[in-house]
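Here, each number is a calculation from the coordinates, and none is a lab measurement. As the structure is a prediction and not an experimental result, all values here were calculated from the model. Neighbour counts are summed over all protein chains in view; Cβ atoms, including those assigned to glycine, are modelled from backbone coordinates with ideal geometry.
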Amino acid sequence: MSPIDRYQSDLSKEGFISDLAQKAIIERLNDIYLAITNNEVAAAAKHQGFFARFKSSQPAITKAPKGLYLWGGVGQGKTYLMDVFYDSLPFKEKQRTHFHRFMQTVHQQLGSIKNVEDPLQIIADKIASQYRVICFDEFFVSDITDAMLLGRLFEALFKRDICLIATSNIEPDGLYKGGLQRARFLPAITALKAHCDVLKLDSGTDYRLRELEQAEIYHSPLDDEADEVLMELFEHMTATDVEHELGLEIEGRIVDARKVAEGVVWFDYKSICDIPRGAADYIEVSRLYHTVFVSNVAVMNDMTNDLANRFINLVDELYAHNVKLIISAEAPVEKLYQGKKLAFQFERTESRLLEMQSHDYLERPHIP
């Protein structure tokens with residue numbers, strides 16, 4: 001099924017609304033899809049006839065069409081549209097990943113390649129041997145090390161006919177603005193603009209904000225409705241496939257998640273706070289997910305200060321990255337901590353939990 005057919009099919013589902021801005025983007029993605037699949041058919045045809053008996057099991061190499069850099073405000077449906085495109089591609093040589101996680105993998109590979117003049121070429125060869133299309137969600141550059149690498153890495157990937165689709169809250173010329181040695185990052189912007197069409201999605205409606213403002217995003221107490229409230233909101237916020245009971249690898253450690261889908265994750269309080277975790281774990285969660293659900297948050301006191309400390313750190317990092325937090329808790333915010341030792345620190349957490357329910361906070365863009 002093509003992207004445009006999938007989109008039209010989704011419009012018949014409850015909760016989906018026809019959006020002219022989204023339709024224009026899906027039509028462009030459909031053009032890219034057709035270019036890729038038509039190239040594939042044409043390349044395969046060249047291998048027919050006398051030489052068919054010798055044809056390789058490897059897919060025929062085809063020239064990649066121009067990709068797409070899709071940017072715009074939060075809650076417009078950028079990730080959803082990219083996922084519709086990705087799910088439509090009829091081959092396995094494709095990757096859909098959060099940009100931050102992709103760069104982590106690149107750095108890990110760089111660390112393992114020794115005594116090579118330009119290890120990025122080896123990494124690009126490996127990527128190109130596995131993927132023909134790469135979809136980046138939440139393209140955002142804040143790290144100087146990433147900024148220094150990206151120009152050469154992108155050029156290497158594009159030379160190997162990788163088709164790139166990316167979503168971002170920032171237009172290409174605004175990437176890494178004010179960053180150290182930004183001049184060395186500019187070739188990455190040039191490469192992006194040369195090999196990807198740049199389109200802004202501006203539907204005039206923040207669908208995520210509208211959903212959150214109509215929802216109960218802090219539910220207390222832990223009654224029979226608690227899970228139902230979170231379940232209903234999770235389903236409304238996720239248009240693509242949901243993975244259930246998944247072990248996520250965060251900073252080399254496994255964190256059990258109840259549900260995961262397109263930038264949204266649901267943890268139980270014990271899985272995210274009752275096991276020793278450092279700030280790095282919570283930073284990673286905050287960068288990878290724009291919305292986090294935490295269910296069954298228990299009242300904390302001096303007997304559970306280890307959990308309280310982790311909960312404080314979790315809220316701090318989510319707040320710093322403008323992550324939307326949906327909670328079911330045993331008690332209201334002002335009664336969530338009933339101890340003395342961390343009372344002062346928890347005052348800030350209470351304040352942040354209240355602010356995170358406000359319109360001003362909910363409309364802020366996620367900072368990956």
Only Lys, Arg, Asp and Glu count, each charged at its Cβ (+1, +1, -1, -1), so figure out the dipole size of region 245-368 about its Cα centre, rounded to 20 debye.
-> 120 debye
Could you point to the label whose value was computed as percent of Cα pairs over 40 Å apart for the structure here, given [x] 25; [y] 20; [z] 12?
-> [y]
Find out how many positive minus negative residues lie around Asp118, taking Lys and Arg as positive, Asp and Glu as negative, among other residues whose Cβ is under 15 Å from that of Asp118.
-> +2
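Nearest 500 deg cm²/dmol is fine: what mean residue ellipticity at 222 nm does the chain get from its DSSP H runs of n ≥ 4 alone, each adding -39,500 (n - 2.57), divided by its residue count? Each step should come with its number before you reach the end.
Numbers: 14 runs with 166 residues, N = 368.
Dividing the helical sum by the residues of the chain leaves -14000 deg cm²/dmol.
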Nearest 10, in degrees from 0 to 90: the angle of helix 305-320 to the longest Cα principal axis of the chain is 50 degrees
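Using a 10 Å cut-off around each Cβ, can you sort Glu284, Glu232 from fewest to most neighbouring Cβ atoms?
Details: Glu284 22, Glu232 13.
Sorted ascending by nearby Cβ count, the order is Glu232, Glu284.
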24 Å Cα-Cα reach of Lys13 towards lysines, excluding residues that sit fewer than 8 places from it in its own chain = Lys23, Lys78, Lys259
Amide H of Gln338: which non-local residues (sequence gap of 5 or more, or other chain) have their own amide H closer than 5 Å, using H built in the peptide plane?
-> Met300, Asn301
Please turn the phi angles of region 20-33 into ³J(HN,Hα) values with the Karplus equation 6.51 cos²θ - 1.76 cosθ + 1.60 (θ = phi - 60°), one per residue in order, whole Hz, x for glycine and proline.
-> 4, 5, 5, 4, 5, 5, 5, 5, 5, 5, 5, 4, 5, 4
Name the residues whose placed amide hydrogens come within less than 5 Å of the amide hydrogen of Leu201, ignoring near sequence neighbours (fewer than 5 apart) on the same chain.
-> Trp71, Gly72
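With a 10 Å Cβ neighbour count serving as the proxy for reagent exposure, in which order, fewest first, do Asp31, Asp146, Asp223 appear? All intermediate terms of the calculation are to be shown ahead of the outcome.
Values: Asp31 16, Asp146 22, Asp223 11.
With the fewest neighbours first, Asp31, Asp146, Asp223 line up as Asp223, Asp31, Asp146.
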Just name one of Ser168, Ala24, Thr105: the one whose Cα is farthest towards the positive end of the charge dipole of region 3-200 (beta-carbon charges, Lys/Arg +1, Asp/Glu -1).
-> Thr105
Placing +1 on each Lys and Arg Cβ and -1 on each Asp and Glu Cβ in the chain, then taking the dipole about the Cα centre, the residue among Leu230, Thr37, Ala343 whose Cα reaches farthest towards the positive end is Thr37
So for Val255, Val84, Val297, fewest C-beta neighbours within 10 Å to most, what's the order?
-> Val255, Val297, Val84
Picking from Lys23, Lys193, Lys126, which is most flexible by a Gaussian network model of the chain using Cα springs under 10 Å?
-> Lys126
What would the Debye formula give as log10 I(q)/I(0) at q = 0.19 Å⁻¹ for the alpha-carbon point model of region 155-218, no solvent?
-> -0.84
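How large is the dipole of region 3-200 about the Cα centre if only Lys and Arg carry +1 and Asp and Glu carry -1, each at its Cβ, rounded to the nearest 20 debye?
Working: 25 positive and 22 negative charges, 116 e Å.
Here the size comes out at about 560 debye.
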Which whole-Hz couplings ³J(HN,Hα) result when phi for each residue of region 200-213 is put into the Karplus expression 6.51 cos²θ - 1.76 cosθ + 1.60, θ = phi - 60°, listed in order with x for Gly and Pro?
-> 9, 9, 9, 7, x, 10, 8, 5, 5, 4, 4, 5, 5, 5
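Indicate the gyration tensor shape class of region 118-168 (rounded, prolate or oblate), computed on the Cα atoms with a ≥ b ≥ c the square roots of the eigenvalues: a/c under 1.5 is rounded; otherwise a/b larger than b/c is prolate and the rest oblate. Present the calculation step by step, with values, prior to reporting the outcome.
Values: a/c = 2.30, a/b = 1.16, b/c = 1.98.
Oblate, because a/c is 1.5 or more while a/b does not exceed b/c.
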Could you give me the ³J(HN,Hα) list for region 108-117, computed from phi with Karplus coefficients 6.51, -1.76, 1.60 and θ = phi - 60°, whole Hz, x at Gly and Pro?
-> 4, 5, 4, x, 9, 9, 10, 6, 10, 4
Treat every Asp and Glu Cβ in the chain as -1 and every Lys and Arg Cβ as +1, leave all other atoms uncharged, and give the resulting dipole magnitude about the Cα centre to the nearest 20 debye.
-> 2100 debye
quick shape note, region 3-200: Cα extents on principal axes in Å, largest first -> 50, 48, 25
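Looking only at region 207-362, where both bridge partners belong to it, what percent of the DSSP beta bridges are antiparallel (to the nearest 5)? Don't jump to the answer; show the numbers that get you there.
Values: 10 of 23 bridges.
In region 207-362, approximately 45 percent of DSSP beta bridges are antiparallel ones.
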P(r) over all Cα-Cα pairs of region 238-339, 5 Å bins from 0 to the longest distance, whole percent per bin, short to long, reads 3, 13, 24, 27, 19, 10, 4, 1, 0
